[in-house]
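Worksheet: the structure to be examined is printed underneath.
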Amino acid sequence: MVNRTSSANVLMMKKLLVFTLIMFVFGYALVPFYEKFCEVTGINNLLKPDVQVKDNWVDEQRWITVEFDANTRDLPWSFKPLQSSARIHPGQTIEVMYEITNNSDREVTGQAIPSYSPRFLDKHLKKFECFCFTKQILKPHETKQMPVQFVIEPGIPTDIQTVTISYTFFELLPGAGNTKK
């Protein structure tokens, strides 16, 4: 009976070691896998500037209302766009300013993550300058104004008349680093 129990324990130990080794390798493989997944799906492009096209066509027959939204998640910051909306022609480059204030007595580092509505807007939205491309460091009670420069391409479906661009700031804890490239 003891021999059977010890051989069962050894077998279980081997299985657990193999499982642990597989999970360890999976943990290391997850980062390049995630990066490739983001590259293929286009998710990774949310935090990188687009290349500005010199001869961009402007569709002056259409108007799109762009609404701007700003949020923070567990940050002692006030964050808002300096204008709540803009009416633009597809293909027209626009710059909008956002203002952020650190309301705390400590230095805080944050990163903004964009989101869009309708969901497919990212395929037609090209950002040339955005505070979301880098981490932002605010000293105690510091206020910054930050630009976002973008264009909504004329290829956006004609039934779309209103879009929303939203940014949410999250705190980056010490050692969290910066976004890639």
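The values are calculated or read from the model by the stated rules, or taken from the named source; none is laboratory data. Every value quoted in this text rests on a predicted model; they were computed, and no experiment measured them. For neighbour counting, all protein chains shown are included, and Cβ atoms are generated from backbone atoms with ideal geometry for every residue, glycine included.
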Requested in this report: Look at segment 78-112 and say how many of its residues are closer than 29 Å to residue 141 by Cβ, of a type in the set (D, E, K, R) and out of contact with any Lys or Arg (no Cβ under 8 Å at 6 or more places or on another chain).
Outcome: 4
Report summary line: Listed by first then second residue, the pairs whose first member lies in segment 151-170 and is free of Cβ contacts under 8 Å to residues at least 60 places away in the same chain, whose partner is surrounded by 15 or more Cβ atoms within 10 Å (Cβ to Cβ) and assigned to a strand (DSSP E or B), with beta carbons under 8 Å and at least 6 positions apart or on separate chains, are none
Query raised in the report: Is at least one residue of segment 141-149 farther than 16 Å from residue 97 by Cβ and either in a strand (DSSP E or B) or touching a Cys at 6+ places or on another chain (Cβ under 9 Å) (or both)?
Result: no
Report summary line: Within segment 148-181, the residues that are modelled with pLDDT of 90 or more, touching a strand residue (DSSP E or B) at 6+ places or on another chain (Cβ under 8 Å) and not hydrophobic (A, V, I, L, M, F, W, C) are 149, 153, 161, 162, 164, 166, 167, 168, 171
Query - Options 120, 128; residue that is assigned by TED's automatic domain parsing to the domain that holds residue 165, among the hydrophobic types (A, V, I, L, M, F, W, C) and assigned to a strand (DSSP E or B) - result: 128
